[in-house]
Amino acid sequence: MRDDAAVNATRNAIFFALRETGLPVESATGGRTKYNRSRLGIPKAHCLDAACAGQVDQVIGWDMPVLSIKATGRGAYQRTNVYANGFPRGYLTREKMARGFRTGDMVVADVPNGKKMGRHIGRVAVRASGSFNIQTKHAVVQGINARHCRLLSRADGYGYARHASPILQEAA
């Protein structure tokens, strides 16, 4: 209960401090948010609850596609894989770049023939041999040669995805 009291005290302090600025400030209950959501036909989602809080006449564009950003990292400094007991299991190359590509780069691979024929768009995992893996939206395509790959964007440590609606984004 002590934590609840601290949260409520902080919330009240912020509310009163904002009200003293002279700007219009409104606070509402969760019941009001639920009422607005059901009245406007908006599904339950954390990102949409903020749009339904307080006095709301309408919400426009809530079902637009959203961009989801996920931290994927830039790789590991460790160049040796080890077993649970600490003995070396395998070694990674000293270079993180292979054939002009880095793991995490977004690529499009146009494979003209063979079992993996077609267009594959996704995040690449490089190997020194030049045979890459591409993580597409649906599956991992293994063994794509570097000569079929074209760079779309360099890896920046984040993964980007577009979702049809905020509901699909929260489920992912």
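The values are calculated or read from the model by the stated rules, or taken from the named source; none is laboratory data. Quick caveat: nothing in here was measured; it's all calculated off a predicted structure. Don't worry about glycine lacking a Cβ; one is built from the backbone with ideal geometry, like all the others, and counts go over all protein chains shown. Just the protein is used for accessible areas: all its heavy atoms, side chains included, with ligands, DNA and RNA removed. Shrake-Rupley method; radii C 1.70, N 1.55, O 1.52, S 1.80 Å.
Can you tell me which of Ala17, Ala28, Ala50 is within 23 Å of the chain's Cα centre (by Cα) and either of a type in the set (A, V, I, L, M, F, W, C) or open to solvent by 60 Å² or more (accessible area, probe 1.4 Å) (or both)?
Numbers: Ala17 fails: within 23 Å of the chain's Cα centre (by Cα); Ala28 fails: within 23 Å of the chain's Cα centre (by Cα).
None of the other options fit; the residue is Ala50.
Let me confirm something: among Arg94, Arg102, Arg162, which residue is in contact with a Pro (Cβ under 7 Å, 6 or more places away or on another chain) and at pLDDT below 95?
Numbers: Arg94 fails: in contact with a Pro (Cβ under 7 Å, 6 or more places away or on another chain); Arg102 fails: in contact with a Pro (Cβ under 7 Å, 6 or more places away or on another chain).
Being in contact with a Pro (Cβ under 7 Å, 6 or more places away or on another chain) and at pLDDT below 95 holds for just one of Arg94, Arg102, Arg162, which is Arg162.
Does region 22-36 contain any residue that is more than 22 Å from Gly157 (Cβ to Cβ), among the basic types (Lys, Arg) and touching a Cys at 6+ places or on another chain (Cβ under 9 Å)?
Initial filter on region 22-36 (more than 22 Å from Gly157 (Cβ to Cβ)): 22-36.
Filter again for among the basic types (Lys, Arg), leaving 32, 34.
Now narrow it down to the ones that are touching a Cys at 6+ places or on another chain (Cβ under 9 Å): 32, 34.
Checking region 22-36: at least one residue is more than 22 Å from Gly157 (Cβ to Cβ), among the basic types (Lys, Arg) and touching a Cys at 6+ places or on another chain (Cβ under 9 Å).
Rundown of residues vs (1) open to solvent by 30 Å² or more (accessible area, probe 1.4 Å); (2) outside any strand (DSSP E or B); (3) over 30 Å from Trp62 (Cα atoms), yes/no style:
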position	(1), (2), (3)
Gly73	yes, yes, yes
Tyr77	yes, yes, yes
Arg89	yes, no, yes
Lys115	yes, yes, yes
Asp156	yes, yes, no
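Please work out if Leu67 is exposed (fewer than 10 other Cβ atoms within 10 Å of the Cβ), over 21 Å from Gly159 (Cβ atoms) and either out of contact with any Ser or Thr (no Cβ under 7 Å at 6 or more places or on another chain) or of a type outside the set (Lys, Arg) (or both). It would help to see each step written out before you state the result.
Details: exposed (fewer than 10 other Cβ atoms within 10 Å of the Cβ): yes; over 21 Å from Gly159 (Cβ atoms): no; either out of contact with any Ser or Thr (no Cβ under 7 Å at 6 or more places or on another chain) or of a type outside the set (Lys, Arg) (or both): yes.
Here the answer is no, as Leu67 does not meet what is asked.
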